[in-house]
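Asker: Could you have a look at this structure, given as structure tokens, before my questions?
The values are calculated or read from the model by the stated rules, or taken from the named source; none is laboratory data. Here the structure is a predicted model, which means the values were calculated and not measured. Note that each Cβ is placed from the backbone with ideal geometry, even for glycine, and that neighbours are counted across all protein chains shown. The protein model used for the area step is the full one, side chains on, heavy atoms only, and it has no ligands, DNA or RNA in it. Shrake-Rupley method; radii C 1.70, N 1.55, O 1.52, S 1.80 Å.
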Amino acid sequence: DSFPAPEYQWEMMNRTTGEFEPIYWEMNNTQVFDPIDYEDYGTYRCEVTTPTINETITSEEAVITVSPNNSVTIEPSMMTVDNGSDVNFTCSALGGPNNTFIWVRSDELDVIFESYIQPLLSTTPVDVSNIISELSDIILENGTILFIESINATLDGGTYECVVINEAGLGRNDTTLYVRPVITQQPMNIETRANLTVALTCIADSFPAPEYQWEMMNRTSGEFEPIDGETDTTLVFDPIDYEDYGTYRCEVTTPTINEDITSEEAVITVSPNNSVTI
């Protein structure tokens with residue numbers, strides 16, 4: 001209030017320099033954002049001048065915080081890697097200020113989100129530290145980058161979420177780490193007598209979990225052919241027959257990414273004991 005009637009000039013703090021700069025078209029007593037954009041976050045104030053006497057007063061500063069909801073992106077959005085490799089995921093989000101970035105496993109977040117996290121988002125302003133505290137047991141990394149060293153498919157394969165929080169709300173997005181199959185236990189050659197129980201074992205690691213198909217070499221063509229119904233990690237002969245001798249291998253496939261690998265060949269030799277005829 002003044003006489004003559006005051007004139008208004010809204011200003012926004014430059015995020016780089018920290019200096020306030022005039023928003024030249026905003027000269028009413030109300031600055032309207034219709035609609036507000038992610039990039040409108042920041043610190044504002046108004047400069048009030050009384051003409052004729054050139055007296056100026058500056059308002060207190062007001063911070064607009066814009067939620068990162070629906071703006072979170074992860075690069076890459078999915079990744080397929082080899083066991084033992086290193087990976088980086090990078091998260092970015094709009095809105096702000098003071099966006100806090102954390103990384104969690106998606107399945108672990110889903111367990112607690114609706115019951116424990118969603119109610120905390122109903123307060124204004126959002127208590128960021130309280131949410132971080134609730135998530136503390138499942139946080140893998142703080143910051144925009146998730147680095148996983150020496151990938152183990154069983155331990156590390158899966159879906160990860162970047163969660164971005166500020167005082168206006170929360171945004172989240174996920175990425176999936178697929179791991180190509182690697183055979184960790186190869187089938188071994190077997191020498192045996194007939195009518196005993198023997199087994200070949202092939203164990204692989206991948207994400208998603210690998211699927212198995214045992215194959216036997218056709219003794220005429222030399223080509224490997226699938227053995228119907230033998231899709232476990234172990235091929236059991238109970239008991240083994242004279243005709244079960246031959247060369248075997250397992251084909252390992254990782255579903256979804258359609259990556260496969262073939263085991264080493266294993267030869268089963270069956271003794272002719274008690275089979276000789278004249």
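Asker: Go through the range 141-199 and report how many residues are open to solvent by less than 10 Å² (accessible area, probe 1.4 Å), within 28 Å of D82 (Cβ to Cβ) and polar (S, T, N, Q).
Answerer: Number satisfying all stated conditions: 1.
Asker: Of the conditions (1) aromatic (F, W, Y); (2) open to solvent by less than 40 Å² (accessible area, probe 1.4 Å); (3) within 35 Å of the chain's Cα centre (by Cα), F33 satisfies every one except a single condition; which number is it?
Answerer: Evaluating F33 over (1) aromatic (F, W, Y); (2) open to solvent by less than 40 Å² (accessible area, probe 1.4 Å); (3) within 35 Å of the chain's Cα centre (by Cα) leaves (2) as the failure.
Asker: Hey, among the residues in the range 1-30 that are open to solvent by 60 Å² or more (accessible area, probe 1.4 Å) and hydrophobic (A, V, I, L, M, F, W, C), which one's farthest from P97 (Cα to Cα)?
Answerer: F3
Asker: Continuing with this model, one more query. When L94 is evaluated against the numbered criteria (1) part of a strand (DSSP E or B); (2) free of Cβ contacts under 8 Å to residues at least 60 places away in the same chain, which criterion, by number, is the only one it fails?
Answerer: Only one criterion is unmet by L94, namely (1).
Asker: While we're looking at this one, here's another question. Of all residues being farther than 22 Å from E265 by Cα and among the aliphatic types (A, V, I, L, M) in the range 168-208, which is nearest to the chain's Cα centre (by Cα)? Just the residue, please.
Answerer: Per the stated criteria, the residue is L177.
Asker: While we're here: Take the conditions within 30 Å of I138 (Cα to Cα) and touching a strand residue (DSSP E or B) at 6+ places or on another chain (Cβ under 8 Å) and apply them to L177. Does it pass?
Answerer: yes
Asker: Take the residues in the range 41-85 that are at positive phi and outside any strand (DSSP E or B); name whichever of them is least open to solvent (accessible area, probe 1.4 Å).
Answerer: G84
Asker: Counting only residues that are in contact (Cβ under 8 Å) with a residue 40 or more places away in the chain and of a type in the set (D, E), how many does the range 25-44 have?
Answerer: Of the residues in the range 25-44, 1 are in contact (Cβ under 8 Å) with a residue 40 or more places away in the chain and of a type in the set (D, E).
Asker: Something else: Check the range 210-228 and report whether any residue there is closer than 30 Å to T123 by Cα, open to solvent by 50 Å² or more (accessible area, probe 1.4 Å), part of a loop (DSSP other than H, G, I, E, B) and at pLDDT 95 or above.
Answerer: Scanning the range 210-228, I find no residue that is closer than 30 Å to T123 by Cα, open to solvent by 50 Å² or more (accessible area, probe 1.4 Å), part of a loop (DSSP other than H, G, I, E, B) and at pLDDT 95 or above, so the answer is no.
Asker: Does the range 256-278 hold any residues that are under 21 Å from D238 (Cα atoms) and in contact with a Ser or Thr (Cβ under 9 Å, 6 or more places away or on another chain), and which are they?
Answerer: E265, A266, V267, I268, T269, V270, S271
Asker: Quick one: is D107 assigned to a loop (DSSP other than H, G, I, E, B) and charged (D, E, K, R)?
Answerer: Criteria not met by D107.
Asker: Please enumerate the residues belonging to the range 121-152 that are under 15 Å from L170 (Cα atoms), not polar (S, T, N, Q) and not in a loop (DSSP other than H, G, I, E, B).
Answerer: Result: L121, V128, I131, I132, E134, L135.
Asker: For a quick check of your reading of the model, give me the residue pairs whose first member lies in the range 107-136 and is in contact (Cβ under 8 Å) with a residue 60 or more places away in the chain and closer than 18 Å to P97 by Cα, whose second is open to solvent by 60 Å² or more (accessible area, probe 1.4 Å) and part of a loop (DSSP other than H, G, I, E, B), with beta-carbon atoms closer than 7 Å and at least 6 apart or on different chains.
Answerer: P125/E167
Asker: Answer yes if at least one residue in the range 139-154 is under 13 Å from the mean Cα position of the chain (by Cα), closer than 30 Å to Q213 by Cα and at pLDDT 95 or above, and no otherwise.
Answerer: Taking every residue of the range 139-154 in turn, none turns out to be under 13 Å from the mean Cα position of the chain (by Cα), closer than 30 Å to Q213 by Cα and at pLDDT 95 or above.
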